[in-house]
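Rule-based calculations on the coordinates, nothing more; no lab input. None of these values were measured; they are calculated from a predicted model. All Cβ positions, even for glycine, are placed from backbone atoms using ideal geometry, and neighbour counts span all protein chains on display.
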Amino acid sequence: MNGLTHINSSGKAEMVDVSLKEDTVRTASAAAEVFVTEEVWEKIKNNEVGKGDVLALAKFAGIQAAKKTSELIPLCHNIPISKIQVELKLNDKNRSVEINSFAKTVAKTGIEMEAMTAVSLAALTVYDMCKAMDKSIRITNIRLISKSGGKSGEYKAG
């Protein structure tokens, strides 16, 4: 149906059968940003948030989330993750936490969703740890930065 891979001939959603595809090396990177107030920014920067080290916990939450992606997204395949890396960096210019992920697998299908789930949950963890101080925290720009491998080949965001 119109080239939609997760829709069968009856118009119903279903998981794509990847059994005939070759295992190939696949990578993906994703990013997100979390904007906070000056007060929250200072607390994160000085590791003074009451719940603990925001950046460290958000990093581990992102890693854990990548490993659980197929449990969270209904039609997403469970694939082996060879590598998942989540980095959080403070941007002094705009008081944001920049989150980046890199994921790698050797599988029949891509690892983009794992990379994007990692940054999404890392961002939500930043929010959760800081929400008592300010509920106006904004999570923005969750996006795929790049991917490689598979039939669709290379992608790099412009």
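Both radii were evaluated on the Cα set of the chain; the Rg over Rh quotient, with Rh as the Kirkwood radius, amounts to 1.05. The trypsin sites (Lys or Arg not before Pro) found in segment 69-115 that occupy coil by DSSP, while having at most 13 further C-beta atoms within 10 Å, are K93. Annotation for segment 23-79: GluC sites (Glu not before Pro) lying in DSSP loop with at most 10 further Cβ atoms inside 10 Å of their Cβ are E48. Using a Gaussian network model of the chain with C-alpha springs under 10 Å, which one of T27, T69, T140 is most mobile by mean-square fluctuation? Fluctuation is largest for T140. Our note on the geometry: Cα centres of segment 83-122 and segment 1-64, 6 Å apart. The charge dipole of segment 24-147, taken about its Cα centre with unit charges on the Cβ atoms of Lys, Arg (+1), Asp and Glu (-1) only, comes to about 460 debye.
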